[in-house]
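Some notes on the structure that comes next.
The values are calculated or read from the model by the stated rules, or taken from the named source; none is laboratory data. Nothing here was measured: the structure is a model prediction, and the numbers come from that model. Reconstructed Cβ throughout: ideal geometry from the backbone, glycine too, with neighbour counts over all protein chains shown.
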2 protein chains.
Amino acid sequence: MVMQRWKLTIEYDGAYFHGWQKQDGDLPTVQTHIERAITKFSGQTVGLHVAGRTDAGVHAQGQIAHFDLDDGDRAMNEFEMAKALNALVGSKFISVLKAECVDANFHARFHAKNKLYIYRCLRRTAPPALSNGRVWHLRKDVDVEAMRLAAQNLLGHHDFTSFRATECQAKNPVRTLERADILTSSYDDHGGVEIQFHFEGQSFLHHQVRNMVGTLVHVGLGKFTHSQVKDILAQKDRTKAGPTAPPDGLSLVRIDY
Amino acid sequence: MVMQRWKLTIEYDGAYFHGWQKQDGDLPTVQTHIERAITKFSGQTVGLHVAGRTDAGVHAQGQIAHFDLDDGDRAMNEFEMAKALNALVGSKFISVLKAECVDANFHARFHAKNKLYIYRCLRRTAPPALSNGRVWHLRKDVDVEAMRLAAQNLLGHHDFTSFRATECQAKNPVRTLERADILTSSYDDHGGVEIQFHFEGQSFLHHQVRNMVGTLVHVGLGKFTHSQVKDILAQKDRTKAGPTAPPDGLSLVRIDY
């Protein structure tokens, strides 16, 4: 029996799934869709190991997962593997962008060196018809410069307890945030503005990105000053920070190994 | 009785409607949704006049329509009108971007000076999970330079019979195409390329944009040479041109008056 480790690069629209992770019951998740597709053509039951679990409603443009398959006498090449998975995955909202044979030591989660998350907001009065489920709709004006100043306080090595979900299971709340940029661009011909938060780091706590965005938007709305964010971080108390931003705007864009 | 003419700028995701136009029966269309919203707050039955009807599956980022309302003693301002329509339109896939009081002579269709349609294709092997319903998925390589050369043949004042739907009701098949540009950009981190066709002109025949795109993609795939497109145009015969591109990739982006 020769086991081959496979690495998958996956795009999905999180609006159609109860998150990445397999759930009790028969709720549709990205993991169950892909595991079933693998079983369909191989007859083997596999367990997918993912780089970064995503919540219901959160998207991915470059999620990474790995699994082991007994190649037996029907070894597939990389192109065939991606094609078979896309044919069998059972949802047009999941796409396997790439399937690669990797070394048996490769680990999607433990070997990830850097992750890029992008959170999209749409600032305009009218609701988003075409970006429904893909952006956080901000009806009121936000001060982008204040948010940029506030974001600088989050950069670096910190205890992010104030920004993690109370149910977060990580033993250590310390993380290093390598990048916290805010980009703006014109969204339409009628004054709509897209505001993107780009966060990079090796790993993030549960809800960390959404809680950072919720807090920064509070700064943009004038509910916190930009320097207050430094205090919020120091207080290590989730109740001091802003609300959790909705999942819609978030996408796991790229993971580097 | 004082009638006020209103101009609306509308965004919608065409995947959720049987086109713009009101249909027999009770099929959901963009027009019926908006007309019902107007009736709900005004008690008046109105008829919307649209700049450019769109087919089922075709999107709009800047569709324009007008209607007349008896202002009576409850005149609304422009901001209130847009807000009321968005609250009552009954679909999160329609958004009124702007409502404006205009002169009683304004006509959404007859006064349109220029329309911009953008058609999006996604060139990659893996299917589009996040752009599902928004792009035409091209699995095979296309020669963009050949498509650009071919598109030049369509520019200007021509009889576009070869590119109009057989059921097109326009009396005159002559139109002036002012712009036919093809833009490419990187779509993802895995080699995916977005190819956009930008077409501008005062008016278009039924299916003209989709038939031009279908024919240009045939050129890109090597099924026609770029100079053949000139002959196809001259033949004034729909059966000589390429297939009708799917509605998914098309959006009516902007109309100038």
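Within the range B:75-127, being within 9 Å of another protein chain (Cβ to nearest Cβ), surrounded by fewer than 16 Cβ atoms within 10 Å (Cβ to Cβ) and within 21 Å of residue B:251 (Cβ to Cβ) holds for one residue alone: B:92.
When residue A:74 is tested against the conditions (1) modelled with pLDDT under 95; (2) under 30 Å from residue A:181 (Cβ atoms); (3) of a type in the set (Lys, Arg), the lone failure is (2). Note on the range B:1-50: among residues that are among the aliphatic types (A, V, I, L, M), within 14 Å of chain A (Cβ to nearest Cβ) and crowded, with 18+ Cβ neighbours inside 10 Å, the one that is farthest from the chain's Cα centre (by Cα) is B:37.
Filter the range B:132-141 down to the residues that are farther than 25 Å from residue B:175 by Cβ and in contact with a strand residue (DSSP E or B) (Cβ under 6 Å, 6 or more places away or on another chain), then identify the one that is surrounded by the most Cβ atoms within 10 Å (Cβ to Cβ). Applying the filter and picking the extreme gives B:135.
Checking each residue in the range B:168-197 for being in contact (Cβ under 8 Å) with a residue 40 or more places away in the chain, part of a strand (DSSP E or B) and within 14 Å of chain A (Cβ to nearest Cβ) picks out B:193, B:194.
In this structure, is residue A:223 touching a helix residue (DSSP H, G or I) at 6+ places or on another chain (Cβ under 6 Å) and of a type in the set (D, E, K, R)? Here the answer is no, as residue A:223 does not meet what is asked. Looking across the range A:199-238, the residues that are away from every other protein chain (no Cβ under 14 Å), within 22 Å of the chain's Cα centre (by Cα) and farther than 20 Å from residue A:169 by Cα come down to A:199, A:213, A:214, A:215, A:216, A:217, A:218.
Just name the residue that is nearest to residue A:149 (Cα to Cα) out of those in the range A:216-257 that are basic (Lys, Arg) and out of contact with any strand residue (DSSP E or B) (no Cβ under 9 Å at 6 or more places or on another chain).
A:230
Just one of the numbered conditions (1) part of a helix (DSSP H, G or I); (2) surrounded by fewer than 23 Cβ atoms within 10 Å (Cβ to Cβ); (3) not acidic (Asp, Glu) is not true of residue A:244: (1).
Exactly one residue out of A:61, A:44 is in contact with a strand residue (DSSP E or B) (Cβ under 7 Å, 6 or more places away or on another chain) and under 25 Å from residue B:137 (Cβ atoms), and it is A:61.
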